[in-house]
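Reviewing the structure listed below.
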Amino acid sequence: EAAEKAGFEHFMLKEIYEQPTVLQHTLGGRFAGNGTDVQLELGLDPLAVDRVVISACGTAFYSGLVGEYLIERLARLPVEVEIASEFRYREPVLDERTLCVVVSQSGETIDTLEALREAKRQGARTLAVLNAKGSSISREADDVLYIHAGPEIGVASTKAYTAMVAAFELLAIFLGRARGVLSGEAAAELIRALRALPGLVEETLGARPEIAAVAEAFKDKRDYLFLGRGANYPTALEGALKLKEISYIHAEAYATGEMKHGPIALIDADMPVVAVATASALYDKTISNLQEVRARDGVVIALASRGDEAIRAHADHVIYVPRTLELVSPIVNVVALQLLAYETAARLGRDVDQPRNLAKSVTVE
Ligand code: G6P
């Protein structure tokens, strides 16, 4: 087992560090047309789709939430994202012009498999975004888009998540181009940013010392609040999920703009607030939310774009990550939050790779 960890203390850490390579595998060979197009080898006809419904569990569900932002923005298709255990029992309204996308690392999660079966029963077109080859879901979906993340051993998913989001970047560009709503120039800009991702994620891993200092400072807190908005709202959700799964610290995520509708009541010096505040169209609004947190004695840990010196005036700790397009930033940003969860759990002596009560793959209801 020590050999399989390749010198890392835990599988999770090894898998976090594999992400630059994994992203190369997810994205590799999938660009075409002089860097203006994506090629996915799907049977799916993008012009036969009016609506997209994404269904999954856990971390895969959060990747679907990023997918929603991407597909709506780039392909101008309405998207709904639903937890598979809810979707399968709610008699969803679907038809043959609905594309139902299920997302799963293992391809064996029972609720996700049943969500797929329900979608097929209703005549929807189905596509599975998967990691494991030859899985139950791979055999039943009309189309499969593999993320090529390789085996993931750590129960808390890391590399599969970033690879799933990367797959949604590809799918959104593919649908947008095929439907004629995404220009070649806009696609080329995104594709350039995607090609730069392995390097940017590598750089993000370099922030580990600062992240470890934050983990050390707050490891004994009982609650954390994570904030993010837009395509990084799911980043906040995933950051909170990672922290609670492996450190057992209670963590809650909110859309930044929703903070004043509830969690602001909890803010005090004892609940660190991790805010995704990287470059975005709504950056200024995020800054005013941070001011509101600090006015209530809250402690702000900001995830910021490299070069943003001004944010230091609004945060107690700043973790810098490389700059990229807002729509690509969830992949970079989440890596810093994975490290925060890891560094916290490791300091608390938790069983990082096999957290209590959790299973890698939930195959029974
Ligand atoms: C379990 C795992 C999670 C995973 C979820 C969905 O809860 O602990 O890490 O995100 O199942 O798994 P899947 O294999 O369908 O992506």
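Over its Cα atoms, what ratio of radius of gyration to 2.2 N^0.38 Å does the range 1-116 give?
Details: Rg = 17.2 Å, N = 116, 2.2 N^0.38 = 13.4 Å.
Relative to the 2.2 N^0.38 Å estimate, the range 1-116 comes out at 1.28.
Please report the projected area of the range 253-339's Cα convex hull averaged over all directions, in nm². Intermediate values should be presented prior to the final figure.
Working: hull surface 21.5 nm².
So the Cα hull casts an average projection of 5.4 nm².
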Of V299, V66, V102, the most mobile residue in a GNM of the chain (C-alpha springs, cutoff 10 Å) is V299
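Any chance you could run the full-extension gain for A310 through L348? It's 0.36 nm times the residue separation minus the Cα-Cα distance, nm to one decimal.
Working: separation 38, 0.36 × 38 = 13.68 nm, distance 3.30 nm.
Difference between extended and current length: 10.4 nm.
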For the range 24-133, listing trypsin sites (Lys or Arg not before Pro) in a DSSP loop whose Cβ sees at most 16 other Cβ atoms within 10 Å gives R76, R90, R97, K133
Subtracting the Cα-Cα distance of I264 and D220 from 0.36 nm times their residue separation yields 13.7 nm
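Using a simple charge model, +1 on the beta-carbon of Lys and Arg, -1 on the beta-carbon of Asp and Glu, nothing else, what dipole does the range 21-177 show about its Cα centre, in debye to the nearest 20?
The dipole of the range 21-177 has a size of about 260 debye.
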Output for the range 57-150: chymotrypsin sites (Phe, Trp or Tyr not before Pro) sitting in coil per DSSP, at most 12 other Cβ within 10 Å, listed by number, reads Y89
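Considering only DSSP states other than H, G, I, E and B, which chymotrypsin sites (Phe, Trp or Tyr not before Pro) in the range 202-302 qualify as loop sites with at most 16 other Cβ atoms within 10 Å?
Values: sites: F218, Y224, F226, Y248, Y254, Y283; in loops: Y248.
For chymotrypsin sites (Phe, Trp or Tyr not before Pro) across the range 202-302 that sit outside H, G, I, E and B with at most 16 neighbouring Cβ atoms in 10 Å, the list reads Y248.
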Tilt, helix 159-178 to longest principal axis of the chain (alpha-carbon atoms), in degrees rounded to tens, equals 50 degrees
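Eigenvalues of the Cα gyration tensor times 5, then square-rooted: what semi-axes does that give for the chain, in whole angstrom, largest first? Walk me through the intermediate numbers first.
Details: eigenvalues 198, 105, 83 Å².
Values for the chain, descending: 31, 23, 20 Å.
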Of the candidates F226, S183, T162, the farthest towards the positive dipole end of the range 151-229 (Lys/Arg Cβ +1, Asp/Glu Cβ -1, centred on the Cα centre) is S183
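Need one word for the range 136-223: rounded, prolate or oblate. Basis is the Cα gyration tensor (sqrt eigenvalues a ≥ b ≥ c); a/c below 1.5 gives rounded, then a/b vs b/c decides.
On the way: a/c = 2.74, a/b = 1.53, b/c = 1.80.
Because a/c hits 1.5 or more and a/b fails to exceed b/c, the range 136-223 counts as oblate.
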Given Cβ charges of +1 for Lys and Arg and -1 for Asp and Glu, the option among P78, A119, V53 whose Cα lies farthest towards the positive end of the dipole of the range 3-120 is P78
Surpassing 23 Å at the alpha-carbon level, of the pairs K219/K260; K219/K242; K219/K244; K5/K159, are K219/K260
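Rounded if a/c is under 1.5, else prolate if a/b beats b/c, else oblate: with a ≥ b ≥ c from the C-alpha gyration tensor eigenvalues square-rooted, which is the range 301-348? The partial results should precede the final answer.
Details: a/c = 3.23, a/b = 1.27, b/c = 2.53.
Oblate.
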Computed for the range 290-352: size of charge dipole around the Cα centre, +1 on C-beta of each Lys and Arg, -1 on C-beta of each Asp and Glu, debye to nearest 20, value 80 debye
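Dividing the Cα convex hull volume of the range 1-64 by residue count, how many Å³ per residue is that? Provide the component values of the computation, followed by the final result.
On the way: hull volume 10.3 nm³, N = 64.
Spread over its residues, the Cα hull of the range 1-64 gives 161 Å³ apiece.
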Expressed in nanometres to one decimal, the distance between label points 7 Å along Cα→Cβ at E210 and D50 is 4.9 nm
Note on the range 121-181: alpha-carbon gyration tensor, axes a ≥ b ≥ c; rule is a/c under 1.5 for rounded, else prolate if a/b larger than b/c, else oblate; result oblate
Taking Cα atoms only, helix 329-347 is inclined relative to the longest principal axis of the chain by an angle, in degrees rounded to 10, of 50 degrees
Working note, the range 50-142: Cα radius of gyration (Å, one decimal) and Dmax (Å, whole number) are 11.8, 32
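Please work out the FRET efficiency for the pair V93 and E189, using the Cβ-Cβ distance as r and a Förster radius of 51 Å; give the result to the nearest 0.05. The partial results should precede the final answer.
Numbers: r = 36 Å, r/R0 = 0.70.
The value I calculate is 0.90.
Dipole size in debye (nearest 20) for the chain around its Cα centre, Lys and Arg Cβ +1, Asp and Glu Cβ -1?
Values: 38 positive and 51 negative charges, 57 e Å.
The dipole of the chain has a size of about 280 debye.
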Nearest 10, in degrees from 0 to 90: the angle of helix 184-205 to the longest Cα principal axis of the chain is 40 degrees
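Here, each number is a calculation from the coordinates, and none is a lab measurement. Please read all numbers here as calculations on a predicted model, not as lab measurements. Glycine also receives a Cβ, built like all others from the backbone with ideal geometry; neighbour counts cover every protein chain displayed.
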